[in-house]
1. When the Cα centres of the range A:5-29 and the range B:153-173 are compared, how far apart do they sit, in Å?
2. Based on Cα coordinates alone, diagonalise the gyration tensor for the protein assembly as shown, multiply each eigenvalue by 5, take square roots, and list the semi-axes in whole Å, largest first.
3. With +1 assigned to the C-beta of every Lys and Arg and -1 to the C-beta of every Asp and Glu, and no other charges, what is the dipole magnitude of chain B about the Cα centre in debye, to the nearest 20?
4. Compute, for chain A, the length of the dipole vector about the Cα centre, with Cβ point charges of +1 (Lys, Arg) and -1 (Asp, Glu) only. Units Debye, rounded to 20.
5. Largest first, please: the extent of the C-alpha atoms of the range A:16-78 along each principal axis, to the nearest Å.
6. Please list the radius of gyration and Dmax for the range B:13-106, considering alpha-carbon atoms only, with Å as the unit.
7. For an R0 of 35 angstrom, estimate the FRET efficiency from the Cβ-Cβ distance between A:Lys55 and A:Lys262 and round to the nearest 0.05.
8. Report the dimensions of the range A:1-52 along its three principal axes from the alpha-carbon atoms, largest first, rounded to Å.
Amino acid sequence: MIIKAIIGIVAFLVLAPFVGGLLAGLDRKLSAKMQRRVGPPVLQPFYDVGKLFQKEKQTPTRFQDFYVLLFVVFVIASGVLFFSGGDLLLVIFTLTIGAAFLIIAAYSSNSPYAELGAERELLAMLAYEPMVLITVIGFYMYTGSFRVSDILAGDSMPFLPLLGIFFGWLFILTLKFRKSPFDLSMSHHAHQELVRGVTTEFVGRTMGWIEISHWYENVFLLGFVFLFFANGTWYGWVIGIVVAILAYFFEVFIDNCFARMKWQFAFKSAWIVAVVLGMINIFVLYVCF
Amino acid sequence: MGTIVFLILFPMIIAFILLVVKGDKARDVIVIGASAVIAAMSIVVAVQFAAGGGDFFSFNGEVVSYIMMAVEAGLCIYICITAAMHRKWLAFIFAIIQTPLIMWFEFTRGHGIEVESNLYIDRLSIIMILIIGIIGTLIAVYALGYMKDFQHHEDEKGNKDRRPWFFFVMFLFLGAMVGLVTSNNMIWMYFFWEITSLSSFWLIGYTKTEEATNNAFRALIMNLLGGLGFAVGIVILGIVFQTVELNSMLLIGSVYGDLVAIPAAFFAFAGITKAAQMPFNSWLLGAMVAPTPTSALLHSSTMVKAGVFMIIKLAPVLGMSNFAGLMTMMVGGITFLFASCAAISQVNAKRVLAYSTIANLGLIVACGGVGTAGAVWAGIMLIIFHAITKSLLFLCVGTAEHHIGSRMIEDMDGLFNKMPRLAMCMIIGIAGMFLAPFGMLISKWGCMVSFVDSGNILLIGCICFGSAVTAFYWLKWMGKLTAVVAGEESIEYGVHRTETFVHITLVVLVVLVCLLFPLLSSYMLVPYLEITFGGLAGGIMSSGNMLIMVIMVAVIVLLALFGFGKSRKPKVPIYLAGANTGDNRTYYGSMQKEVAFSLRNWHMEKYFGEPRMNLIGDVLCVAMLVIGLGYMIATLVSLMGGVM
């Protein structure tokens, strides 16, 4: 039990940045292909972060680094708790603290671009948070436990009973990955009117750490997708991993097919999805199980 | 028992002394001295009774009951006269019905009912006493400095110094609260209940402006309506079950749950009004006209906490199985959701705090309504954390208001530079209100698990959406506070020493409670739950999770001590599209004209407008109350019909 947890933690800490960075590279390659460009090498995200760490040290305020540090610590901690088989509620609360500190870090600079980005990030949080909570509650109602290790050991796939929640989760992944049409707070694309939104005032090493944290976060979020297919067998694992990777590229596909929507749409649609897919799924679970 | 009676009477005696003392110096000495005594005494009581499983005291009731009745009659006459003078006929009617009703009951039926123990103390009362005795008195100490500034403004307007009255009511309030949480005899509890209603009426109407008087009467009317519910509950309890004792009521409830639900519904209704649940939330918002210490007192350690205390106390006879429980939990859940939403659209810091109080109380009420051991665990945790953090936030806003001259959140731009210490206290308070691993989130966690276990889908929806909204309005405020605005000088001199002392003490309490809550859970809450609900009541959270939470708090505190603001990186101007003039506050506009930018938060009036949220919440909650109470009355009538 403990050994499994330790393996999970170490594997996550060591492998997640590579997987996350690689996914980011493939994302850029695929996007480029969809736009009939050649695109950067797959390893480009690693080169970028390496470069960031060599940049001159600068900061707009003495307090920003502290908030960024907490962001990094808590985002990684949420992944660690998840992959060590911990409590799902604890996991998402920890992730929320991380997200909160990124927003606070952006606010602390008092820069208009960063603050607008922070406000939009806040809005995204308002939009996706209900669905995140509903997802966790759905897992609990079906498997009877909040613990990832118990859910993994369960003997039936939560995918079908949690079908609505699964699609709800896919929907908010777009918000979480900050992909079009919901790349409100910051975007990897050039069409960003907020310069780099929430990350405008982060430079050099600080920005590098934020990138790495996002890799950790993405892997952890895909871990949730995996969880829908876990049933304690090897084929459950295989299906889970395949679907998680497919989900990622599905988000990339969506990203390239949509222009950015207004925040009103992001907010309304996310809540409607949470009510229609999430709450109804919860209701069905309550009636059937 | 002596110590408990002391804690009830001593504040009241001090109150009367403060009424006659006019000098500032003397008042300072008396308030600080008395506060120290009360706080120390409440700790003594805690130590004295913490080991016991709940002690009951017979306490010769006859004489005391008569005194109480006489006071009650006097208060009733007072309310009727004041109400008539201000032409507030609803207050008049409610007062003139309920007091005679209780008196009639006591004279005709009450004599036949043997009261075994009038007072009691268990771990829940101890927690309440600690909150009242420590937080309540801290607020009183804070009020010393605050009211000096306040009076300073009043003097300019030519209003006379009514501070002796203010402190009189404050201490009276504290005494009555202790009485309320230690009364086992429901008639006694009703007596203290009415005193707290009246005290808040006096505190809200303190400034005697037209707005204050109107709002004070609104509070009084709503609480008298609740009091009426209380009185009806007592009469039903006495006539149907031949008892007026809380513990016997709960005991009978464990066997005849459906029957006890009838008086319980009325008591819960009283709790709902006092806890400012929708549709009664407007009295707590109206209370904002009073000086800030009043708000702090009403919101954190007294008044509204009496309401939720009542409902938590009733929890064993509520629950999913009866309409009293369903009514209570739905009113709580709906209030939580819509009050949280309304908080988003607020620009006034005190109103944000008020809506957050209403929302959190809603969560506690919902926990009480669900009525399982886990839910009650979460509810009590919420009471504790909320009392500390909310008083801290109110007192911070009060100080900020006196120094920046505004209580609007948008005016708190650059507070981090202007008043660094105060801003830090506020940031910690806000973190305590919604952010894991601090305080409230622990209880919200508990709520979530117990709501899911109860199987009430609507409650699950309320908490999922409500939590998201809560994080939104706190974070945008916190962001405003953390923004480092260039070129602002510190104006933190001239903050009263008592105010700073109270802020720091409360911050220390917030952090301490976050670090020590597992102990609190295992030595106070779990034993209480085991006695109340029977059997082993493991906490909602596993000890491993609690440990992780505590470690997180420790990590944040340590990192803050060593890393906060210590970055040695060279500072560069912020990005203003290459047109920063260099001071980080202005940029070169067209024609090289220097333009200052200003940043404002989102309030999303269109989605979360206050009137609309209140309307929806009110309609839904009224529906719940009508269904719940209506069902209970119908049951009662059919029972009575059966008897006759």
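1. Computed from Cα coordinates, the inter-centre distance equals 64 Å.
2. Taking √(5λ) for each eigenvalue gives 49, 33, 23 Å, largest first.
3. That gives chain B a dipole magnitude of about 1340 debye.
4. My answer is approximately 620 debye.
5. Projected onto the principal axes, the Cα atoms of the range A:16-78 cover 43, 30, 18 Å.
6. 19.4, 52
7. Computed FRET efficiency for A:Lys55 and A:Lys262 comes out at 0.55.
8. 49, 25, 10
Taken together, the values in this text are just the output of simple stated rules run on the coordinates, not laboratory data. Predicted model only: the values in this text are computed from it and were never measured. Virtual Cβ from ideal backbone geometry, glycine too; neighbours counted across all protein chains shown.
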